[in-house]
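Encoded as C-alpha cells, the structure appears first; notes follow it.
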Amino acid sequence: MARGLGRRWRLFVLPAILVPLTLALRLAGVADLAVFAAAGVAVIPLAHLMGIATEELGKRAGPGIGGLLNATLGNATELIIAIVALSRAATLAATGDPADARSADGLVELVKASITGSIIGNILLVLGLSMLVGGLRYKTQKFSVRAAELQVTLLVLAIVALVMPELFQISYEGAGGVPPGLPNVSLGISVILLVGYVLGLVFSLHTHKDVFNPVTQEQDKPLWSRNFALGVLFASTALVGLVAEVLVGTVVGVTPALGVLRPELFMGVIVIAIIGNAAEHGAAIMMAWKNKMDLSVGIATISSVQIALFVTPVLVLASLALGTPLTLAFEVFELVAIILSVAILAVLAKDGETNWYEGVLLLLVYAIIGVGFFFHP
Amino acid sequence: MARGLGRRWRLFVLPAILVPLTLALRLAGVADLAVFAAAGVAVIPLAHLMGIATEELGKRAGPGIGGLLNATLGNATELIIAIVALSRAATLAATGDPADARSADGLVELVKASITGSIIGNILLVLGLSMLVGGLRYKTQKFSVRAAELQVTLLVLAIVALVMPELFQISYEGAGGVPPGLPNVSLGISVILLVGYVLGLVFSLHTHKDVFNPVTQEQDKPLWSRNFALGVLFASTALVGLVAEVLVGTVVGVTPALGVLRPELFMGVIVIAIIGNAAEHGAAIMMAWKNKMDLSVGIATISSVQIALFVTPVLVLASLALGTPLTLAFEVFELVAIILSVAILAVLAKDGETNWYEGVLLLLVYAIIGVGFFFHP
Amino acid sequence: MARGLGRRWRLFVLPAILVPLTLALRLAGVADLAVFAAAGVAVIPLAHLMGIATEELGKRAGPGIGGLLNATLGNATELIIAIVALSRAATLAATGDPADARSADGLVELVKASITGSIIGNILLVLGLSMLVGGLRYKTQKFSVRAAELQVTLLVLAIVALVMPELFQISYEGAGGVPPGLPNVSLGISVILLVGYVLGLVFSLHTHKDVFNPVTQEQDKPLWSRNFALGVLFASTALVGLVAEVLVGTVVGVTPALGVLRPELFMGVIVIAIIGNAAEHGAAIMMAWKNKMDLSVGIATISSVQIALFVTPVLVLASLALGTPLTLAFEVFELVAIILSVAILAVLAKDGETNWYEGVLLLLVYAIIGVGFFFHP
C-alpha cells in the first residue's frame, strides 16, 4: 500500500519538471522546434495523470458512472488540444491579415488531421504494436470477438458519417469556398453521432452491461480521496490546456521546417496524433505484454470510437460557438485512410485471436499510409 | 376458422374506400399534394392484398412454386409504380417540349431513386425498426446467419453490377449525354443479374432448399379457393396500376413544393420507397415483435435482393421496350448509400443475434443518409 | 512407379511440339494473331513443367524450403512475361519515335492489366470454376477458414498499397505526366509489400506452420534426381522467356484487331492473365473435382496474394532497373475490380463451405467485370 502510494507520487515528478521547462523555453524565446518538442513531451505525463485521476474517481463512483467518466474524459487530451487550436484559428481569422487567415486554415486542417491520425493511429499503431509485442511472447492471444465487433460496427457508422459530407465537398469541387448545405449536413450528422454515442453508453453500461463486462471484476480499492482526485483532475486538465496553448502556438513555426509537401496534414496525422494518444499506446502495449489482449484491443478500438463518435461531433459543435468553421468534410486522403484502417481491423477482428504477424500487418498498413501522407501532393 | 375468414374480409374494406377516394380527389381537381397523399395511402392496403393473394396461391401450389410466386410477385408494387413512371416519361419525352423533357428526366431519376430507396429502406429502416421493436421486448433475438449471409453476398453482387456502369458515367463526366458503351453495359449486366437471380431461386428453392428451410413448416391450410385468389391478385394488381398512374401524375406537381434542393432524389429515396415497401415494413416489424427475428431479417434482406437483382434489371429491359433510357448508372450519392447500407448489414449479420442498439445503429445510418439526400447539392 | 515416370515423360511432349511450332510460325512471318495464339498455347505446358520441376526440387529440400520455392517460383510465368514486356517497352521508348513511345506505353499498361487480371482471375475465374465443378459433384465442400482469411487479409493489405498511389494519380488528374511523389511512393510501398511478403513466409512456413499445415502430409517420394529437376527448371524457364518474347512481340500487332475500345486493358486483364495462370486453373479445378476444396481455395487465393505482394513489387523494382516507369497507380477500373473481387471473396470465405451457387456468383462477378472492361471508354 505504502509502495503503491509511493509509486503514485512519482506520477507528479515528470509534470513538475516538464511543464515549467516548456514554459521557460517558450519565454526564453528559443527556436519553435525545441519548444514544440518540450511541449509535446510534457503533454504525455499530464495525460497519464488525468487518466489516473479519472480512474480513482471512477473507483469511488461505481462501475456505471466510472464507465461514463472514462467514456467522456478518456480522450480529453485530444479534445483540449483541438479546442485550443480552433480558438487560436478563430483569433487569427479575425485579424483580417491574409497570412493569418492562411495560418488559421492550416490550424483547422491540423485539427482534422489529428482526428484522422488518432482514429487510424489507435487501430494501426497502438493495436499493431500491442499484437506484435504480445505475439513475440505468446504464440496466440485471445480477445472477445463480440466486444471488438461492436466497436467495428460503430466505426462503420463513423465512416458513413464522414462519407456523406465528403460527397458534398467532391461534387462542389472546383468552385472555391464551402459547398452550400455542408455546414447544415455537418451539424445534423454531428447531432446524430452524439445520439448514437450516448445510446451506445446506455447499451454497453446499462441494458447489456453483462455482455461486455461478463465478470464483475473485484473493484480495486481507491488510493486517493475523492477531493484529491478531483483536484488532480482539474489541475492536470488546466495544465494540459496551458501546454496545448504552447504546442499550438509553435506548430505554425515548426511545420515549414519539415520539408514535406503538406506539413499540416503530416504533422496532424502522425505527430500530434501520437502525442495525444501516448497514454493509450503505453497502456495497450503493457496489457498485451501481460497477455491481457482483451484489454489491449478494448483500449485501442474504444479510443478510436470515442474520437470518431464523441470528440469529432463535439468539436464540430464547439467550432460553431468559436466561430471557426470545422465541417465533417475531411481530405479524401484522410477519409480513405480511415476506411482502409477499419477494413483491415474488421478482417483481423473476426477470429478473436491475434499473433505477431497480424501486428506486423497493421504496422505495414500504417507505414503505407504514412508514406502516402508524407509525399501527399 | 370463421374468425380467420372474417379477418380476411376486412382486407377489402380499406381499398374499397381509399381507391375511389383517390380517383374522386383527382377528378375533383384538388391540389396535387392532397391527391398524392391519398394515392400513397391507397397503395398500401392494395399491396397488402396482393401479398395475401400470392400467399394463398402459394399454399395451393406447394412450397417450391409458392416460393417462386413470392420471389416474382413480392415486389410487384414497386415494379408497377416504376413501369407506370417510365411509360409516362416516354410519353412526355415524345412531345418535344423542353419542359416535358425535363419532367421526363425527373421521372427517370425518380425511378432510380425509388430503387435506391427500396434497397436501403429495407436494410436500414425496415430491419432497423424490427430490431429496435423486437429488442425493446427481448434482450437478444436470433436469426439464421447462413440465410442472411447468402443475401449479403447477393447484395455484394448487386453492388458490383452498379459500380461498373458508374465508372463509365464518372469517366465521361463533363461531356453531356450518355457515355458511349453505357447502354450496352447496362443491358449486358442486367441479363447477368437476371441469370444470377434465377439460378439463386434454383439454389434456394431446389438444390439446397433444406439448408434454407430446415424444418418443413406445417403448411397452413388455404382459406381462399384458387380462382378467388387469382381474381383478387389480378384485381389488386390492376388497381395498384391505376393508383400508381395517379401517384406518378401528381408527383411532378408535388416535388417543387418540398423546398429541398433535389426533390426527385429525396422523393424517390424516402417517400416513394416507403410507400412501395409499406407491406414489408408492417410484416417484418410484426414478426420481430413476435420474436420471429429470422422471418424479419428474411423479409427485409430478401426484399432488398429482389429489388436489386430482379426489379432493377427488369426495369432496364422494360425501359428499352418503352423507349425511355434507364441505365444502371445511378447518382454517386445513391450508389454510395447502397454500399454503406450493405457494409453495415454485413457487419451486423455476422453473429446471428440482434438487440435494440443494433436497430438504433441501422436507423442512425438511415438518418445520416436522409440528411445527406435532403441537403444534396 | 514406372507408370508414374511414364506419365511424367509425357510432360515434355507438348512443349517439344509447341515451342518449335511457335518459333517456326514467327520466322515464317504469318499473321500476328496466329503467332500470338501459338505462343499463348505453348506457354501453358511450359508453365506446368516449371511447376512440376519446382515440386520435385521441393520434395528433396523438405517442406520449409519447398514452401519457399513454391512461394517464389509459383508465379514465375507471369513474372517472366511481364519482365520481357517491360524490357521491350524500354527498348521502344529509347528509339524516340512517337509511334514506338505509344507502343511502349501500351506495353506498360498491358503489364499492369495482366497483374489486375491475374489477381481477379484467380479469385473469380479459378475459384469460381472450382466451386462450380466441385459443387456439381458434391452438395457442399469444406475448406479451412483460417487459411483463407489470412489470404483475404493479405489481399486487403494489397488493396491499401494500390489505393494510396491511385489517390496521387487522381488528385493530379488533368495535368499530364506522372504526378510528383508518385515514383517515390510506389518504390516505398513496394519495399513495404516485400517486407510483408517475406515476414508472411516466416509466419506461415516457420513460426505458425502447424496452424497452416496441421497434418504433416506423408512426403511424396521424388521421381526426379536433383540435377534433372534443376535442369528441367532452368530449361523450361528459358523457354518460357523465349516464347514470352514472341508473345509480347505480337501483342502490339494483335490488339487493334480486337475491336474493343481499350485493347491493352482487355488483352491484359482477360487474355494474358488466363495464359499466365492456366496451370493454376487446371490444378485448382482438378482438386475441387476430387473434393479437396482446401487445396483449390489455397491455390487460387495464394496465387492472387503472390501476384499482389511479390510479383507486383518485384516488377516495380525491376522497372527501375530497366528504365521503364511502372508505378503502383493502376487504372481506377482495375483497382475497383480488385476491390470488388476481394470483397466478394471475403464474404464467401467466412463460412468455410462452398457450393455450386457460390461458384456461379464468382463467375457472374467475373462476367460483369469482363463486360465492363470490354466496353471501357
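Can you list, shortest first and in nm, the gaps between the label point of A:Asp220 and those of its counterparts in the other copies, using a point 7 Å from Cα in the C-beta direction?
Nearest first, the other copies' label points are 5.8, 5.9 nm away.
Can you check what the net charge comes to around B:Leu127, using other residues whose Cβ is under 15 Å from the Cβ of B:Leu127 (Lys, Arg +1; Asp, Glu -1)? List each step's numbers first, then the result.
Values: positive: B:Lys142, B:Lys292, B:Lys350; negative: B:Glu149, B:Glu280, B:Asp294, B:Asp351, B:Glu353, B:Glu358.
Residues near B:Leu127 contribute -3 overall.
Quick one: label points 7 angstrom along Cα→Cβ at B:Val195, distances to the other copies in nm, smallest first?
Label-point separations across copies, in nm and ascending: 4.5, 4.5.
Counting only residues 5 or more places away or on other chains, whose amide H sits under 5 Å from the amide H of B:Leu328 once H atoms are built in the peptide plane?
B:Ser186
In percent, how large is the relative contact order of the stretch B:219-377, given Cα pairs closer than 8 Å and 6 or more residues apart?
Details: 50 pairs, mean separation 42.5, N = 159.
RCO, the stretch B:219-377: 27 percent.
What full-extension length gain, to one decimal in nm, is calculated for C:Ala28 and C:Arg10 as 0.36 nm per residue of separation minus the Cα-Cα distance? Could the numbers behind the result be given before it?
Numbers: separation 18, 0.36 × 18 = 6.48 nm, distance 2.81 nm.
Result for the pair: 3.7 nm of gain on full extension.
Taking the Cα centre as origin and putting +1 on Lys and Arg beta-carbons and -1 on Asp and Glu beta-carbons, what dipole magnitude results for the stretch A:1-109, to the nearest 20 debye? All intermediate terms of the calculation are to be shown ahead of the outcome.
Working: 9 positive and 8 negative charges, 158 e Å.
The calculation lands at about 760 debye.
Among the lysines, which fall within straight-line cross-link reach of C:Lys292, defined as a Cα-Cα distance under 27 Å, with same-chain neighbours fewer than 8 residues apart omitted?
A:Lys350, B:Lys209, B:Lys350, C:Lys59, C:Lys139, C:Lys142, C:Lys209, C:Lys221, C:Lys350
I'd like the distance separating the alpha-carbon centroids of the stretch A:54-131 and the stretch B:82-99, in whole Å.
The stretch A:54-131 and the stretch B:82-99 have Cα centres spaced 54 Å from each other.
Given the options B:Leu345, B:Gly66, B:Gln151, identify the residue whose Cα lies farthest towards the positive end of the charge dipole of chain B (+1 on Cβ of Lys, Arg; -1 on Cβ of Asp, Glu).
Toward the positive end, the furthest listed residue is B:Gly66.
When 1/r is averaged over all different Cα pairs and the result inverted, which Kirkwood radius in Å belongs to the stretch B:336-377?
11.1 Å
Determine the dipole magnitude for chain A: charges of +1 sit on the beta-carbon of Lys and Arg, -1 on that of Asp and Glu, nothing else is charged, the reference point is the Cα centre, and the result goes in debye to the nearest 20. Before the final figure, lay out each step's value.
Details: 21 positive and 23 negative charges, 272 e Å.
Dipole magnitude for chain A comes out near 1300 debye.
Identify, among C:Ala308, A:Ala89, C:Leu92, the residue whose Cα sits farthest towards the positive end of the charge dipole of the protein assembly as shown, taking +1 on the Cβ of Lys and Arg and -1 on the Cβ of Asp and Glu, with the dipole about the Cα centre.
Working it through, the farthest residue towards the positive pole turns out to be C:Ala308.
Where Lys and Arg each count +1 and Asp and Glu each count -1, what net charge lies around B:Glu173 among other residues with Cβ under 15 Å from its Cβ? Please list the in-between numbers first.
Details: positive: none; negative: A:Glu173, B:Glu166, B:Glu331, C:Glu173.
Residues close to B:Glu173 contribute a combined charge of -4.
Taking a temperature of 4 °C and a viscosity of 1.567 mPa s, what whole-number D in µm²/s does Stokes-Einstein yield for chain B with Rh from Kirkwood over alpha carbon pairs? Write out the running numbers ahead of the final one.
Working: Rh = 21.3 Å.
For the chosen part, D equals 61 µm²/s.
Taking the Cα centre of each part, how many Å lie between the stretch B:145-201 and the stretch A:311-377?
The stretch B:145-201 and the stretch A:311-377 have Cα centres spaced 29 Å from each other.
Between rounded, prolate and oblate, where does the stretch C:285-377 land on the alpha carbon gyration tensor, with a ≥ b ≥ c its root eigenvalues, rounded for a/c under 1.5, else prolate if a/b exceeds b/c?
Numbers: a/c = 2.69, a/b = 1.54, b/c = 1.74.
In terms of gyration-tensor shape, oblate.
By its C-alpha gyration tensor, with a ≥ b ≥ c as the square roots of the eigenvalues, how is the stretch B:8-110 shaped: rounded for a/c under 1.5, else prolate for a/b larger than b/c, else oblate?
On the way: a/c = 3.98, a/b = 1.52, b/c = 2.63.
It comes out oblate by the Cα gyration axes.
Cα gyration tensor of the protein assembly as shown, axes a ≥ b ≥ c as square roots of the eigenvalues: rounded (a/c below 1.5), prolate (a/b > b/c) or oblate? If you can, show how the numbers build up before the last one.
On the way: a/c = 1.44, a/b = 1.00, b/c = 1.43.
Rounded.
Name the residue farthest towards the positive end of the dipole of chain B from the options B:Ala76, B:Trp224, B:Gly253, assuming +1 on Cβ of Lys and Arg, -1 on Cβ of Asp and Glu, about the Cα centre.
B:Trp224
For chain C, with a Gaussian network of springs between Cα atoms less than 10 Å apart, report the residue from C:Ala101, C:Ala308, C:Ala147 with the top mean-square fluctuation.
Result: C:Ala101 has the largest fluctuation of those listed.
Before rounding to the nearest 500, sum -39500 (n - 2.57) across all DSSP H runs of length at least 4 in chain A and divide by the residue total; then give [θ] at 222 nm in deg cm²/dmol.
On the way: 17 runs with 284 residues, N = 377.
-25000 deg cm²/dmol, from helical runs alone.
Just to confirm the numbers: B:Arg10, label point 7 angstrom along the Cα-Cβ line, distances to the other copies in nm, shortest first?
Ordered by distance, the counterparts are at 7.4, 7.4 nm.
Which value, in debye to the nearest 20, describes the size of the charge dipole of the protein assembly as shown about its Cα centre when Lys and Arg Cβ atoms bear +1, Asp and Glu Cβ atoms bear -1, and nothing else is charged? Before the final figure, lay out the partial values.
Working: 63 positive and 69 negative charges, 683 e Å.
My answer is approximately 3280 debye.
Compute a Gaussian network model of chain A, connecting alpha carbons closer than 10 Å, and tell me which residue from A:Ile339, A:Ile285, A:Ile192 fluctuates the most.
For chain A, modelled as a Gaussian network with Cα springs under 10 Å, the answer is A:Ile192.
If I take the rotation axis that carries chain A onto chain C, which residue of chain A has the nearest beta-carbon, and at how many angstrom?
A:Lys350, 4
Over chain A, what relative contact order in percent results from Cα pairs under 8 Å that are six or more residues apart? Working shown, then result.
Working: 504 pairs, mean separation 144.2, N = 377.
Here the relative contact order equals 38 percent.
Determine the sum of side-chain charges near B:Phe330: Lys and Arg each +1, Asp and Glu each -1, restricted to other residues whose C-beta is under 12 angstrom from that of B:Phe330. Mind showing how you got there, number by number?
Details: positive: B:Lys112; negative: B:Glu109, B:Glu166, B:Glu331, B:Glu334.
With Lys, Arg at +1 and Asp, Glu at -1, the neighbours total -3.
All of the numbers you see were taken from the coordinates with simple rules; none came from a lab. Computed from a predicted model, the values in this text were never measured in an experiment. Backbone-built Cβ (ideal geometry, glycine too); neighbour counts: all protein chains shown.
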